[in-house]
Amino acid sequence: MTELAIETRGLSKQFGDLTAVSGLDLEIPRGEIYGFLGPNGSGKTTAIRMLCGLLTPSAGDISVLGLEIPRDAEQLRRRIGYMTQKFSLYDDLSVSENMHFMARIYGMARSAARDRVSQLLDRYSLGSMRGRLAGAMSGGQRQRLALAVATLHQPDLLILDEPTSAVDPENRRDFWEKLFDLIDEGATVLVSTHYMDEAERCHQLAILETGHLRKHGAPQDLMEALAGRVIEIEGADLRQVKERLLRIDGVQSAAQQGLHLRILMAENGHTGDAAISRLHQELAGEELRIHVGKPSLEDVFVACTRGEVR
Ligand SMILES: Nc1ncnc2c1ncn2[C@@H]1O[C@H](COP(=O)(O)OP(=O)(O)OP(=O)(O)O)[C@@H](O)[C@H]1O
């Protein structure tokens, strides 16, 4: 049986009348990158804060690295690295001052801290800017510094809340390479995102919406489960075709993407060739090319967060 880094049962959080997280059952294996994928307000940050022991659940049980949370939160703090959504370092301290300051907070001895800081400056390409104020760094540089600080004490579990929101695609790619390096060294990573391309890089994913777990699994498996349900249509006057499509029973969604329409058929509706015949029938009179498309993670997301059958 795979050892779990995080396990929750019925995890819930209520803010007054609002249910931010509802009955979350999670099993996150050690040694993997696990993603929380969800739109704004879906409960990702709230769930993460409960897992870190920063917020008390309204209901449910949490075990992180074998510790009972929130009871053992103090012990957990030394074993996790947490990168919050906002840049939480000191703008008026330099790169190396920020790192040494955090090393003191983690209780590292002076010489061990010196060695570790120097190693991380090198690893995250921050050596040449060690004296620069954090407030004067670019988005990508700040994020590398935040990751260096979150991993100073070599945590077993790294929790990253939308870490790449302010970062360009190249820096995002580099950042993910660094996460895979950490996995190779035995760490576990939990990362929240609303970017599909990032979610696709995770070993496993939980898709959240309005505090509920809608689907979970390996991105590839989630996409394969939609085989035959994604249909692409090319032709003229796609705006009007889309309007007609949305009135057809069994069409869950239709969206224009460049020169074609991307259709998601409902779970219990027609799929593959049967769906193509049905759409040709329903759209008789239009000059259209209709074929089966390859499911993407965005299709998975739409399929499990927008109601099932129209
Ligand atoms: N301290 C709080 N008091 C009241 N409501 C809160 C509090 N924290 C979060 N919420 C609400 O809980 C819901 C979930 O918020 P949360 O920040 O967990 O979502 P999220 O998926 O992380 O979104 P985002 O991507 O925007 O950060 C939202 O409706 C939010 O307004």
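Quick notes on this structure:
- Summary value for the chain: 19 percent relative contact order, contacts being C-alpha pairs under 8 angstrom separated by 6+ residues.
- Bridges between two residues of the chain, per DSSP, are antiparallel at a rate of about 70%.
- 222 nm mean residue ellipticity, helices alone, for the chain (DSSP H n ≥ 4; -39,500 (n - 2.57); rounded to 500): -10000 deg cm²/dmol
- Helix 169-184 vs. the chain, principal-axis angle (Cα, 0 to 90°, nearest 10): 70
- Between helix 272-282 and the chain there is an angle of about 50 degrees, using the helix long axis and the longest principal axis of the Cα atoms.
- P(r), alpha carbons of the chain - 10 Å bins starting at zero, rounded %: 6, 24, 27, 21, 13, 7, 2, 0
- Cross-link pairs K215/K294; K13/K44; K242/K294; K44/K215; K44/K86; K215/K242 - those with Cα-Cα distance over 21 Å: K215/K242
- A cut-off of 5 Å between modelled amide H atoms, ignoring neighbours fewer than 5 places along the same chain, links Q252 with L264, M265, A266.
- Furthest towards positive pole of dipole, H270, C304, G107, structure part the chain, Cβ charges: G107
- Rounded Å value of the spacing that divides the Cα centres of segment 46-71 and segment 228-261: 43
- A59 long-range amide H proximity, modeled H, under 5 Å: S12
Taken together, the values in this text are just the output of simple stated rules run on the coordinates, not laboratory data. What you see is a predicted model, and the numbers here were worked out from it, not measured in a lab. When we count neighbours, we look across all protein chains shown, and the Cβ atoms used for this are built from the backbone with ideal geometry, even at glycine.
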